[in-house]
1. How long is the gain from Ser54 to Val7 if the chain were fully straight, where each residue apart is worth 0.36 nm and the alpha carbon distance is subtracted?
2. Quick one: how many lysine pairs does the chain have with C-alpha atoms less than 27 Å apart and a gap of 8 or more or different chains? Give me the count, please.
3. Go through Gly68, Leu37, Ile15 and say which Cα lies farthest out towards the positive end of the charge dipole of the stretch 8-131; charges sit on Cβ, +1 for Lys and Arg, -1 for Asp and Glu.
4. Please provide three numbers in whole Å: the alpha-carbon extents of the stretch 79-120 along the principal axes, with the largest listed first.
5. Please report, to two decimal places, log10 I(q)/I(0) for the stretch 25-131 at q = 0.17, 0.20 Å⁻¹ as given by the Debye formula with identical point scatterers on the Cα atoms and no solvent.
6. Dipole size in debye (nearest 20) for the stretch 1-120 around its Cα centre, Lys and Arg Cβ +1, Asp and Glu Cβ -1?
7. Under the definition of Cα pairs under 8 Å and six or more residues apart, what whole-number percent is the relative contact order of the stretch 8-99?
8. Springs between alpha-carbon pairs under 10 angstrom, Gaussian network model over the chain: which of Lys111, Lys59, Lys13 fluctuates most?
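What follows is calculated from the coordinates using simple rules that are stated; it is not laboratory data. Being a predicted model, the structure only gives us computed values, none of them experimental. With ideal geometry, Cβ positions are generated from the backbone for all residues, glycine too; neighbour counts draw on all protein chains shown.
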Amino acid sequence: MARIAGVDLPRTKRIDIALTAIYGIGRHTASQIVTDLNIDPAKKVDALAENEVSQLRDKITEEYKVEGDLRREVDQNIKRLMDINSYRGLRHRRQLPVRGQRTNTNARTRKGKARTISVGRKLKETARKAG
């Protein structure tokens with residue numbers, strides 16, 4: 001079992017893909033790490049030798065900010081934006097899209113479920129009955 005930065009890597013995947021399970025390591029960084037350590041990128045995690053796992057672990061902990069440290073830094077950056085009352089901080093505080101997306105329609109992930117008011121429908125129904 002390969003455990004790096006507190007994450008168990010998926011055993012049946014290739015090492016260059018499995019490294020992306022670690023928060024802060026994407027496909028490009030994973031392939032760079034593997035080529036720097038001269039490990040075959042097509043090798044499965046199960047097939048890694050213990051020294052290769054230790055090399056990976058050492059390189060990632062020394063050169064990259066991953067998992068808890070990275071999450072903490074991102075949270076601190078967002079909190080700083082909210083504290084200084086920047087526009088982006090206000091958008092974070094109100095849980096609205098931060099990067100300029102439209103909110104008249106869409107933005108359901110940030111805004112939550114749509115709250116529709118069916119007043120217009122009720123008015124039409126009463127108008128039909130009366131008229």
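1. Values: separation 47, 0.36 × 47 = 16.92 nm, distance 1.39 nm.
This chain segment gains 15.5 nm when fully extended.
2. 14
3. Among Gly68, Leu37, Ile15, the one farthest towards the positive end of the dipole of the stretch 8-131 is Gly68.
4. 42, 16, 15
5. -0.92, -1.02
6. Values: 25 positive and 15 negative charges, 289 e Å.
Charge dipole of the stretch 1-120: 1380 debye, to the nearest 20.
7. Numbers: 80 pairs, mean separation 20.5, N = 92.
This gives 22 percent for the stretch 8-99.
8. Evaluated over the chain, the most mobile residue of the options is Lys111.
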